[in-house]
1. Grab the Cα-Cα distance for residue 96 and residue 135, subtract it from 0.36 nm times how many residues apart they are, and report the gain in nm with one decimal.
2. Taking the Cα-to-Cβ direction at residue 19 and at residue 127 and moving 7 Å from each Cα, how far apart do the two end points lie in nm?
3. Work out, step by step, the length gained on full extension between residue 88 and residue 116: first 0.36 nm times the residue separation, then minus their alpha carbon distance; give nm to one decimal.
């Protein structure tokens, strides 16, 4: 493997680890059920689960401000007709289109064609929690941060 490929591989692993730490922080994945990380072996035969237990030991120095807080869901709205404009729908609920999509990953386009009248639940996140102070973010596991 060339030096450039090794560096790229190392940066890719670091990016994936930070991404998984952020997802763990947000409560999107469970550490013990995270198969891609727990089944992947890192350099020197160390599994990534041990990296999660003591990231500073492996050179991962994260601050609390590097993590994202969990965004609570304020309410659910049931939609059983077509939605002409998701950005307008989001604006009526005090959100941006991107915040609405972040809470509802199944929204793929700016419209919803619902000819069959199928009911869909749209999660509306708490708008106050969307405006957070990164300095006040608390890590789920204190071993993840260096501050």
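Taken together, the values in this text are just the output of simple stated rules run on the coordinates, not laboratory data. Being a predicted model, the structure only gives us computed values, none of them experimental. Cβ placement follows ideal geometry from the backbone for every residue including glycine, while neighbour counts extend to all protein chains displayed.
1. Roughly 11.7 nm would be gained on extension.
2. Here the answer is 3.2 nm between the modelled labels.
3. Result: 7.9 nm gained on full extension.
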